[in-house]
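Please read the structure below before turning to the comments.
The values are calculated or read from the model by the stated rules, or taken from the named source; none is laboratory data. Remember, it's a predicted structure, so these values are computed and weren't measured experimentally. Note that each Cβ is placed from the backbone with ideal geometry, even for glycine, and that neighbours are counted across all protein chains shown.
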Amino acid sequence: MALIVPVVLCGGSGSRLWPASRESFPKQFLAFTGDESLFQDTLRRVAGAEFGAPVIVTGADYRFLVAEQMRAIGVKGDIVLEPFRRDSCAAIAAAAHLARARDPEALVLVLAADHAMPDVASFLDHVHVGRAAAEAGRIVTFGIKPSRPATGYGYIRPGAPLEQPGVCALAAFVEKPDEPTAERYVAEGCLWNSGNFLFRASVFLDELAALAPEIGGPVVEAVAKAARDLDFLRLDPEAFGKAVAKSVDYAVMEKTAHAAVVPSDFAWSDVGAWNAIWDLGTKDANGNAAKGDAAFLDAKDCYVHSPGRLTTVVGLENVVVVTTRDAVLVVDRAQAEKVKGLVARLTAAGRKEAVEHVKVYRPWGSYESIDDGTRHQVKRITVNPGSKLSLQSHFHRAEHWVVVSGTASVTVGDKVTVLGENQSVYIPLGEVHRLENPGRIPLDLIEVQVGSYLGEDDIVRYEDVYNRN
């Protein structure tokens, strides 16, 4: 029996969950309920014996985040890098080619990295239902039986039952409706479009070639000319750039005669906005839920997201409060979808808080700015065990490093020094230097920068194990 190859689509910025989710570190990499991220939850969901190694499709900006979060939970797979965003169809097609190369009979299960499915057993039961139809040549999607007339989801109109039990023909896709139309769709038995698919790779690719050659052709070339870069597979940018940006629904599912749907009742959320996070949270007797340090008084049906600091809510109802080091959001739960518009306004105004976190993740670890002035900046730096920064120099700043915990191997010019807790080193302006963690625990240090210009672009790299410029 052919293995099912999980294909996890891991792009998108999750702007409706700002300020926790930002383009530099979007929602799929964040933990909203448990201790692991939505992406890690997705990988664990498909770790059983019937599944092969996953194929992750993401962008170059997220490649090291993907690799680190996979490493943290012990999952190995292929990480495919899109040179440009071309919507879901091209990404799925590239992954399907890789799955078919492993096994001509391979089945593919397409999942979004940022969806929540708390009842994994029920989800897998529905996958088993859809498998028989996929093996028979159907391109199967999973339609969720609505719990309410939601306006934030697209809908699927199921058709006649097929010979495989629990599977129907797919009569039509319906766009996101207004509230009266959503109520009618629910009454008519329409299903929420979950955006998850199951099919035989060869069937999907044949249909793509016939129905959307403007996508299928360029993707074939992009995969054929793909290049290995460390642990990543980079699709050829010139070829991939020719692919038309189109969702898989528009390109294939609305046109194919092989579409099918499994009417599903497993718990599912696309985690699209803060009201969805409240839905998923564990609530107190007054309907309040929180992630982080929160306290409520005379509050009802509120949600607080506040890792790292105490946030309190008094005398309010149906409110979401999100706190980070550099931004606070307060929004009526019923208006949570409007956060995306707020982020667009902040971005247009040039506010870096719209897209960047105070804590910045790098392939070697992370850094966080904790103080800055006209000629100084203080950062907290964490270097992962066995990792090292590039060999580099700066034109406009000198640096002082103080080790807080762990062990640092520091190169300054021709000299290499090993430093422990409470030891420090000075990096003169213009001096070639490197920081490395040779130990088995994270290295934490405080960096004080002093100079006339402190921007991240004041860096010359001479050698870099991560192939950055």
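For segment 101-150, how many residues meet the condition of being hydrophobic (A, V, I, L, M, F, W, C), touching a strand residue (DSSP E or B) at 6+ places or on another chain (Cβ under 7 Å) and closer than 15 Å to residue 4 by Cα?
Here the count works out to 12.
Of the residues 66, 75, which is buried (at least 16 other Cβ atoms within 10 Å of the Cβ) and not in a helix (DSSP H, G or I)?
75
Against the conditions (1) under 30 Å from residue 440 (Cβ atoms); (2) loosely packed, with under 15 Cβ neighbours inside 10 Å, where does residue 345 fall short? Just the number, please.
(1)
Residues in segment 228-251 that are of a type in the set (Gly, Ala, Ser) and either in a helix (DSSP H, G or I) or without any contact (Cβ under 8 Å) to a residue 12 or more places away in the chain (or both): how many?
Selection size over segment 228-251: 2.
Here are 222, 260: which of them is more than 22 Å from residue 77 (Cβ to Cβ), crowded, with 19+ Cβ neighbours inside 10 Å, among the hydrophobic types (A, V, I, L, M, F, W, C) and touching a residue at least 40 places away in the same chain (Cβ under 8 Å)?
Working: 222 fails: more than 22 Å from residue 77 (Cβ to Cβ).
Being more than 22 Å from residue 77 (Cβ to Cβ), crowded, with 19+ Cβ neighbours inside 10 Å, among the hydrophobic types (A, V, I, L, M, F, W, C) and touching a residue at least 40 places away in the same chain (Cβ under 8 Å) holds for just one of 222, 260, which is 260.
Does residue 436 satisfy the condition of being modelled with pLDDT of 95 or more and among the acidic types (Asp, Glu)?
In short, yes.
Among the residues of segment 314-364, how many are part of a strand (DSSP E or B) and at pLDDT 95 or above?
12
If we keep just the residues of segment 51-63 that are of a type outside the set (Gly, Ala, Ser) and assigned to a helix (DSSP H, G or I), which is farthest from residue 131 (Cα to Cα)?
It comes out as 61.
Restricting to segment 442-458, name every residue that is loosely packed, with under 15 Cβ neighbours inside 10 Å and under 30 Å from residue 229 (Cβ atoms).
455, 456, 457
Could we say that residue 104 is surrounded by fewer than 16 Cβ atoms within 10 Å (Cβ to Cβ) and without any contact (Cβ under 8 Å) to a residue 24 or more places away in the chain here? Before you say what the answer is, go through the steps one by one.
On the way: surrounded by fewer than 16 Cβ atoms within 10 Å (Cβ to Cβ): yes; without any contact (Cβ under 8 Å) to a residue 24 or more places away in the chain: no.
Answer is no for this residue.
Here's a check for you: in segment 21-37, which residue that is touching a Lys or Arg at 6+ places or on another chain (Cβ under 9 Å) and buried (at least 24 other Cβ atoms within 10 Å of the Cβ) is farthest from residue 346 (Cα to Cα)?
Once the filter is applied, the top-ranked residue is 27.
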